[in-house]
Amino acid sequence: MTVADVSQFRAWIADTSAMLTEQAEHLTDLDRAIGDGDHGTNMARGFAACAALPDADGEGIDAYLKKVGMTLVSQVGGASGPLYGTFFLRFAAPLAGATSVGPTEVAQALRAGVDGVVARGKAEVGDKTMYDALAPAVRAFDGAASGGADLAGCLEAAAVAAAGGRDSTEPLVARKGRASYLGERSAGHLDPGATSATMLLESAARSLG
Amino acid sequence: MTVADVSQFRAWIADTSAMLTEQAEHLTDLDRAIGDGDHGTNMARGFAACAALPDADGEGIDAYLKKVGMTLVSQVGGASGPLYGTFFLRFAAPLAGATSVGPTEVAQALRAGVDGVVARGKAEVGDKTMYDALAPAVRAFDGAASGGADLAGCLEAAAVAAAGGRDSTEPLVARKGRASYLGERSAGHLDPGATSATMLLESAARSLG
Amino acid sequence: MKKLLNDPADVVVEALAGMAAAHPDRLDVDLEHKLVLRAGGPVQGKVALVSGGGSGHEPMHGGYVGTGMLHAACCGEVFTSPVPDQILAATQAVDGGAGVLHIVKNYTGDIMNFEMAAEMAAEGGGAQVASVVTDDDVAVQDSAYTTGRRGVGVTVLLEKIVGAAAEEGRSLEECLALAQKVNGQGRSMGMALTSCTVPAAGKPTFELGEDEMELGIGIHGEAGRARVPLAPAREIAEDLLGPVVADLGLARGESVIAMVNGMGGTPLLELYLMYNEVHRILAAAGVTVARNLVGNYITSLEMAGCSVTLLRADDELVRLWDAPVDTPGLRWGV
Amino acid sequence: MKKLLNDPADVVVEALAGMAAAHPDRLDVDLEHKLVLRAGGPVQGKVALVSGGGSGHEPMHGGYVGTGMLHAACCGEVFTSPVPDQILAATQAVDGGAGVLHIVKNYTGDIMNFEMAAEMAAEGGGAQVASVVTDDDVAVQDSAYTTGRRGVGVTVLLEKIVGAAAEEGRSLEECLALAQKVNGQGRSMGMALTSCTVPAAGKPTFELGEDEMELGIGIHGEAGRARVPLAPAREIAEDLLGPVVADLGLARGESVIAMVNGMGGTPLLELYLMYNEVHRILAAAGVTVARNLVGNYITSLEMAGCSVTLLRADDELVRLWDAPVDTPGLRWGV
Ligand SMILES: Nc1ncnc2c1ncn2[C@@H]1O[C@H](COP(=O)(O)OP(=O)(O)O)[C@@H](O)[C@H]1O
Ligand SMILES: Nc1ncnc2c1ncn2[C@@H]1O[C@H](COP(=O)(O)OP(=O)(O)O)[C@@H](O)[C@H]1O
Ligand SMILES: [Mg+2]
Ligand SMILES: [Mg+2]
Ligand SMILES: [Mg+2]
Ligand SMILES: [Mg+2]
């Protein structure tokens, strides 16, 4: 498929929620190693609330995703709440009015969402954060789109790039977020946020394509 | 030897102190099982203070043992401090003026000491306390003495009886002291105080005989 | 053993030196006798309250010395009752001519050492001494043939209430009668999630499995009456309150002073959660909580767990409870 | 995991219900937004102080709500900063027309959530909001390229001191300037003997060997800067105080407000023992302790360990410190 409508965006969030619930313990374990042991619980709680959002008749994609963003902001807390919340709030904006979207629109939305994460969190690539997964995902999506790939192909490329970015965080010494307090001891562990961001994109590839 | 002088009573206390220091962990382990885990520390601290009492020139046996009793009262605390302290204070009384003592005098002293423990603690045989070791020790001492044994023989008999009394505490349900709070769960463990009392008498057999 | 200490043998005296340094204006600490005393010497013409026991229950008793509560606390080694010399020294130091009340928890060691101290005080012809023995722990069966119940949480409430009465100028007999009344109408029960480690012993007093708890523990790291499977807080609250309410014979319409006490290693978050359960159960039983305490007041080193104490309240007790108290461990109205 | 709780997901809200039940006269608890508020509504014409953060640090912050300290505390999930909705609701609930000061500990999550709440408050055109960020933990290197230092113990001292200033009627700017001053001249460092367990995670955040400790920990059960062999209290005190004194540049003749804080699972006995070491080291350095706190004030669930906070004192700070405070967690002068 080359376009996605609101029901697929709903499916994306439902799939992400299922995935995060299943992986909550894994994410929390990653956060226990270099953080405070709450990332999986935070993410699972937040996305469960999003997945439970009532179906509003004739709702646009942007309206739905804005609600997702606001739900995350108000349900997650910690660092990941404002970051993922902002991601969805900004992701929604370029999709205003659209009822079905293709690679061009999603590229715009994804870039806006990720820019929002940077605006909020001020992370740079290599800081060992979710941005290390999101940044290459945006580039890969854009590359695939300009190469003529359909939405599924673009998201597939983004997910693969995100996974690469996630893996790249392992040797890094964290410079942002809680893991930075560990200094050198933060090296040798995957970043939990980069891991959950990868799940989000893998889920998009499954649900939106 | 059939008589003992003050230097041997000093040797008794020194030997008991060495023994208790060595066995402190064992006694504390017994107290951890059915008490509060301080009996070995308490006893070792108290007898170390007694062993460190300065030599007073020409001191009588009773004066020395009174000091031992007072030192125990003021250094041990807990249940065992007043009990062992009273034991020595009462033990000393019948020996007033004596410079060397034999089985008859020690029999009297031992009975007075043990009566003191009962007066203070109100324990009966079978309550699972130090009295379960002390009571048979007194009887055995008296028996050996009336059978004509010398001091060494009497103390040997008392120590053997004390050990038997100590072992008899294992199956008992405690009715006195801290172990009584455990109810039925106190059964199956040696009483720490009966164990230290046996050590005291074994040490007497080694030092005074 | 993982503790903040130097030589385990010095833990009590070094902690007392810390108390002295932390509260120079309000407390005098006698390091030789291991006493915590109110600064400023004896209060003339008023009954003085002396308590004490093994250390390891902080803030009890040293933290309860001050205006409106104790005049002196005698600190034994960890979990070891203090010796008569300490108690006698405290008694003499605080006597203001109106007599001294000894507040003794019902443990063989505490009873005997306080008894000997009282005998010594009587022989010395000094202070007039009366003693109250607390024995509020319903986990232990009361019987003439055994040691009887342990003294636990009610001791804290009693020290506060009788301290207020002494401050008002009541006589030694009146203070004693009030203390006996408080002890008579207060009951407690405790539980543990973990054991604790006596510094000098160096290892935990007992071991508990991941899915077990001890019901009916005291405050000396000792095992309880029964080892049972770990349960949700709401069931634990029932387990603790049930015997307390039954033993007190609390009826609908009565009111209590309630304490949910931490054993030392349980976070305040969980203690408030427990209080929520306790409050709910009492409300359902028609019992009003007139006053409450939630926190670490009578501890067992770093043991995780809690105890619940209820004291049948009346106007007099509530009034004395509300009277000013100014100690490191309890402070209000001043 | 051995804890007093029902469903781990409900621990915060159930503990707040317990707080509400325990302090009906002094606190209003908003269970929907998980807020602890002073009873009686906003204080007209005075600056209001709002703090908050993840739960698990009790008594901070909910226990510091009351006269002379905070007006509201926003309670996040355990170790998870509160969300903007909560903070906004608190801000609106306490605004008495003179502005609201947000007291934020320097963690990415706290910063962002408070920031969003302040943005929302500004959009709403309601309360005027100013924010102070505490970052006193010398275990973390301060740098423009990283997250900077964590906010820890100084937060407690700041809430007390600025709370007194707000009570005096100082303006929002004055309160903000004072808060920045306090943060600027306070430093902390902590250590852990054990980890803690986040209820929802169900297992300890890290594992430590019997002979190891973590130096330079924060308050979220996170590992510290270095794992080192367990040491005697006197050496630990040097390890913690050294960097704090150096970073503050404390000189002979200066005076401080000092806090020896327990992480939750360490008995008061050991905290007083630590205070003895801290006092000794400061005395040797010619530094006077003007005021002190010894106890559990900013905790990390049931973690065993402690932290030391020093705040360079002056007459103004000591006067504000001594001003009346009436909260569940800190109370004097009332
Ligand atoms: N400044 C930042 N920019 C982007 N991502 C960040 C930033 N700070 C933290 N993160 C991400 O947040 C994740 C942690 O989220 P979470 O555990 O839910 O929050 P907290 O750290 O507040 O406990 C980290 O793994 C990291 O990927
Ligand atoms: N009433 C009593 N009479 C005789 N011996 C007693 C009595 N109560 C306790 N004991 C003895 O004291 C021992 C415990 O001593 P110790 O551990 O030093 O004191 P505590 O019980 O106060 O911690 C017990 O093992 C028991 O033998
Ligand atoms: Mg986290
Ligand atoms: Mg014992
Ligand atoms: Mg003991
Ligand atoms: Mg967190």
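The values are calculated or read from the model by the stated rules, or taken from the named source; none is laboratory data. Predicted model only: the values in this text are computed from it and were never measured. Here Cβ is always computed from backbone atoms with ideal geometry, including for glycine, and neighbour counts include all displayed protein chains.
Residue-by-condition table, conditions (1) touching a residue at least 60 places away in the same chain (Cβ under 8 Å); (2) on the phi > 0 side of the Ramachandran plot; (3) hydrophobic (A, V, I, L, M, F, W, C); (4) more than 16 Å from ligand 4 (Cβ to nearest atom):
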position: C:D30; (1), (2), (3), (4): yes, no, no, yes
position: C:L49; (1), (2), (3), (4): yes, no, yes, yes
position: C:E77; (1), (2), (3), (4): yes, no, no, no
position: C:G99; (1), (2), (3), (4): yes, yes, no, yes
position: C:G124; (1), (2), (3), (4): no, no, no, yes
**Asked** Take the residues of the range B:108-149 that are more than 14 Å from chain C (Cβ to nearest Cβ) and acidic (D, E): which is nearest to C:T146 (Cα to Cα)?
**Response** B:D132
**Fill in**
All conditions in (1) touching a residue at least 40 places away in the same chain (Cβ under 8 Å); (2) out of contact with any His (no Cβ under 7 Å at 6 or more places or on another chain); (3) of a type outside the set (S, T, N, Q); (4) under 25 Å from C:A201 (Cβ atoms) are true of C:P84 except (1)
**Request:** Would you check if there is a residue in the range A:49-72 being at the interface with another protein chain (Cβ under 8 Å from one of its Cβ atoms), over 22 Å from A:A158 (Cα atoms) and within 16 Å of ligand 3 (Cβ to nearest atom)?
**Result:** no
**Prompt:** For the range C:71-81, what are the residues that are out of contact with any His (no Cβ under 8 Å at 6 or more places or on another chain) and either more than 21 Å from B:G46 (Cβ to Cβ) or outside the structural domain of C:R170 (by TED's automatic domain parsing) (or both)?
**Reply:** C:H71, C:A72
**Asked** Hey, among the residues in the range A:9-34 that are away from ligand 3 (no atom under 16 Å from the Cβ) and of a type outside the set (A, V, I, L, M), which one's nearest to the other protein chains (Cβ to nearest Cβ)?
**Response** A:T21
**Asked** Is there a residue being more than 24 Å from D:D10 (Cβ to Cβ) and of a type in the set (A, V, I, L, M) anywhere in the range D:77-97?
**Response** yes
**Prompt:** Which residues, taken from the range D:202-211, are more than 9 Å from every other protein chain (Cβ to nearest Cβ) and either touching a strand residue (DSSP E or B) at 6+ places or on another chain (Cβ under 9 Å) or touching a residue at least 60 places away in the same chain (Cβ under 8 Å) (or both)?
**Reply:** D:G209
**Message:** Condition first: within 7 Å of another protein chain (Cβ to nearest Cβ), under 19 Å from C:R312 (Cα atoms) and crowded, with 24+ Cβ neighbours inside 10 Å. Can you find one or more residues in the range C:255-271 that meet it?
**Reply:** no
**Message:** With the requirement that a residue be crowded, with 23+ Cβ neighbours inside 10 Å and closer than 15 Å to C:H71 by Cα, what does the range C:96-128 give you?
**Reply:** C:V100, C:L101, C:H102, C:I103, C:V104, C:A127
**Prompt:** Within the bounds of the range A:158-172, is there any residue that is among the hydrophobic types (A, V, I, L, M, F, W, C), crowded, with 24+ Cβ neighbours inside 10 Å and not in a helix (DSSP H, G or I)?
**Reply:** no
**Item:** Criterion: free of Cβ contacts under 8 Å to residues at least 24 places away in the same chain, out of contact with any Leu (no Cβ under 8 Å at 6 or more places or on another chain) and either within 16 Å of ligand 3 (Cβ to nearest atom) or more than 11 Å from every other protein chain (Cβ to nearest Cβ) (or both) - qualifying residue of A:G77, A:G37
**Value:** A:G37
**Prompt:** Can we say A:E105 is surrounded by 17 or more Cβ atoms within 10 Å (Cβ to Cβ), closer than 30 Å to A:V6 by Cα and without any contact (Cβ under 8 Å) to a residue 12 or more places away in the chain?
**Reply:** yes
**Asked** Does D:G224 satisfy being touching a strand residue (DSSP E or B) at 6+ places or on another chain (Cβ under 7 Å) and of a type in the set (G, A, S)?
**Response** yes
**Candidate set from the range D:8-20 (those that are at the interface with chain C (Cβ under 8 Å from one of its Cβ atoms) and out of contact with any Cys (no Cβ under 9 Å at 6 or more places or on another chain)); member that is nearest to A:Q75 (Cα to Cα)** = D:V11
**Request:** Could you pull out the residue among C:L271, C:L241, C:L230 that is modelled with pLDDT of 95 or more, under 14 Å from C:D137 (Cα atoms) and among the aliphatic types (A, V, I, L, M)?
**Result:** C:L241
**Asked** Which numbered condition trips up C:A165, out of (1) away from chain D (no Cβ under 14 Å); (2) within 16 Å of ligand 6 (Cβ to nearest atom)?
**Response** (2)
**Message:** Can you go through A:D29, A:D36 and tell me which one is assigned to a helix (DSSP H, G or I), of a type in the set (D, E, K, R) and either within 13 Å of ligand 1 (Cβ to nearest atom) or crowded, with 24+ Cβ neighbours inside 10 Å (or both)?
**Reply:** A:D29
**Asked** Which one of D:E214, D:E222 is within 16 Å of A:A179 (Cα to Cα), within 13 Å of chain A (Cβ to nearest Cβ) and part of a strand (DSSP E or B)?
**Response** D:E214
**Fill in**
Across (1) at pLDDT 95 or above; (2) within 14 Å of chain A (Cβ to nearest Cβ); (3) more than 16 Å from ligand 3 (Cβ to nearest atom), D:S81 clears everything bar (3)
**Complete:** Given (1) away from ligand 6 (no atom under 16 Å from the Cβ); (2) more than 19 Å from A:W12 (Cα to Cα); (3) surrounded by fewer than 24 Cβ atoms within 10 Å (Cβ to Cβ), A:L182 misses just (1)
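Residues are listed down the side, and each one gets a yes or a no for (1) in contact with a Lys or Arg (Cβ under 6 Å, 6 or more places away or on another chain); (2) β-branched (V, I, T); (3) more than 11 Å from ligand 2 (Cβ to nearest atom):
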residue: B:A109; (1), (2), (3): no, no, yes
residue: B:V114; (1), (2), (3): no, yes, no
residue: B:K128; (1), (2), (3): no, no, no
residue: B:L134; (1), (2), (3): no, no, no
residue: B:V138; (1), (2), (3): yes, yes, yes
residue: B:A152; (1), (2), (3): no, no, yes
residue: B:G164; (1), (2), (3): no, no, yes
**Prompt:** Tally time: how many residues in the range A:119-140 are surrounded by fewer than 17 Cβ atoms within 10 Å (Cβ to Cβ) and assigned to a helix (DSSP H, G or I)?
**Reply:** 2
**Asked** In the range C:287-310, how many are touching an Asp or Glu at 6+ places or on another chain (Cβ under 9 Å) and either aromatic (F, W, Y) or away from every other protein chain (no Cβ under 12 Å) (or both)?
**Response** 2
**Message:** Every residue in the range D:21-49 that is within 14 Å of chain C (Cβ to nearest Cβ) and either over 21 Å from the mean Cα position of the chain (by Cα) or assigned to a loop (DSSP other than H, G, I, E, B) (or both), please.
**Reply:** D:A21, D:A22, D:H23, D:P24, D:D25, D:R26, D:L31, D:K34
**Message:** Any residue at all in the range C:51-70 that's among the aliphatic types (A, V, I, L, M), over 14 Å from the mean Cα position of the chain (by Cα) and away from ligand 6 (no atom under 16 Å from the Cβ)?
**Reply:** no
